[in-house]
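Read-outs: derived from the displayed coordinates by stated rules, not from any lab. Source: prediction; values computed, not measured. Positions of Cβ are backbone-derived with ideal geometry, glycine not excepted, and every protein chain shown enters the neighbour counts.
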Amino acid sequence: MQSRQSELPRLPVRVLHVVAAVIAVAVASLACATLNQPLKTWRRDLDRRAELVREKLTQGPTLRLEHAKQTQELEELHARVEEVTRRIPDQPREGEFLADLTRLAEEQSVAIEDFQRGAAIETAGYSAVTVSVRLRGGYRGVCQLVEEISKLPRLAELTEMVIRRETDTNDRSVSVTYALYYGLTTAGDASPDAAL
């Protein structure tokens with residue numbers, strides 16, 4: 001009895017090598033085609049990013065100039081905030097304001113006819129008290145007085161002003177209301193317990 005032989009013909013070794021090489025080339029081509037598209041996309045993305053970097057580098061002097069300008073504005077703003085903070089006392093001190101107002105009114109030949117303390121306003125960041133004052137004097141003196149009040153070391157905001165001309169004289173009757181700020185709190189002043 002003879003053993004059963006395979007029915008497939010035996011291929012020469014060279015043919016097997018050629019078939020293996022063709023399969024290897026096909027697999028390599030398939031792998032290259034599969035990887036080529038992501039590589040092209042990656043290269044395009046790198047080129048786009050490089051172009052953005054080149055654009056930013058050409059904008060460098062402009063950006064530095066803008067940065068310097070913004071830094072200058074920020075420093076000026078900080079200086080202004082510090083100046084305003086120095087002008088706001090811890091207590092209302094409307095008596096001191098009245099003393100300064102009286103001195104300035106005498107210098108400008110303006111008479112103070114009435115001084116009334118108004119309501120106090122309290123917010124999370126500051127407190128303010130309003131004061132109403134009736135004045136009588138020449139137009140120039142009243143204008144100078146209002147200007148001098150704005151230059152006081154104490155921050156006093158003019159919130160209302162009514163001017164009436166007297167019919168019998170050249171004087172003006174003026175009613176002004178000021179907000180006197182005090183008790184300023186900033187974000188740095190808040191205690192950690194206050195947030196709880």
Worksheet item: Considering the chain as a Gaussian network with a 10 Å cut-off on Cα pairs, which listed residue, Thr41, Thr102, Thr85, attains the greatest mean-square fluctuation?
Response: Thr41
Response to the item:
Computed, not fitted: 222 nm per-residue ellipticity of the chain from DSSP H runs ≥ 4 (each -39500 (n - 2.57)), nearest 500, equal to -18000 deg cm²/dmol
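Divide the volume of the convex hull of the Cα atoms of the stretch 8-66 by its number of residues and quote the answer in cubic angstrom per residue. Before the final figure, lay out the partial values.
Working: hull volume 4.2 nm³, N = 59.
Spread over its residues, the Cα hull of the stretch 8-66 gives 71 Å³ apiece.
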Worksheet entry | Kirkwood hydrodynamic radius (C-alpha pairs) into Stokes-Einstein, the chain, 20 °C and 1.002 mPa s, D in µm²/s | 85
Response to the item:
Checking Arg14, Arg64, Arg165 against a Gaussian network model of the chain (alpha-carbon springs below 10 Å), the top fluctuating residue turns out to be Arg14
Response to the item:
Over all directions, the stretch 78-146 yields a Cα convex hull whose mean projected area in nm² is 5.8
Item to complete: Only Lys, Arg, Asp and Glu count, each charged at its Cβ (+1, +1, -1, -1), so figure out the dipole size of the chain about its Cα centre, rounded to 20 debye.
Response: 2180
Discussion item. Projecting each Cα onto the charge dipole of the chain (Lys/Arg +1, Asp/Glu -1 at the beta carbon, about the Cα centre), which of Ser175, Gln108, Val53 comes out farthest on the positive side?
Written reply: Val53
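Throw me the Rg/Rh for the stretch 48-112, computed over C-alpha atoms with Kirkwood Rh, two decimals.
Working: Rg = 25.0 Å, Rh = 16.7 Å.
Computed over Cα atoms, the ratio is 1.49.
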Worksheet, complete the sentence: Note: Leu74 to Ser175 extended length (0.36 nm per residue) minus current alpha-carbon separation gives 32.6 nm
Worksheet item: So for the pair Val162, Gln116, with labels modelled 7 Å out along Cα→Cβ, what separation do we get in nm?
Response: 1.0
Worksheet item: Can you tell which of Ala50, Ala119, Ala79 shows the greatest fluctuation in a Gaussian network model of the chain with Cα springs below 10 Å?
Response: Ala50
Worksheet entry | Rg/Rh ratio calculated on Cα atoms of the stretch 94-182 (Kirkwood radius) | 0.99
Discussion item. Suppose the chain between Arg64 and Leu152 were pulled fully straight at 0.36 nm per residue; how much longer would it get relative to their current alpha carbon spacing?
Written reply: 27.8 nm
Worksheet entry | Simple spin-label estimate for Ala33 and Ile88 in nanometres, 7 Å along Cα-Cβ | 7.4
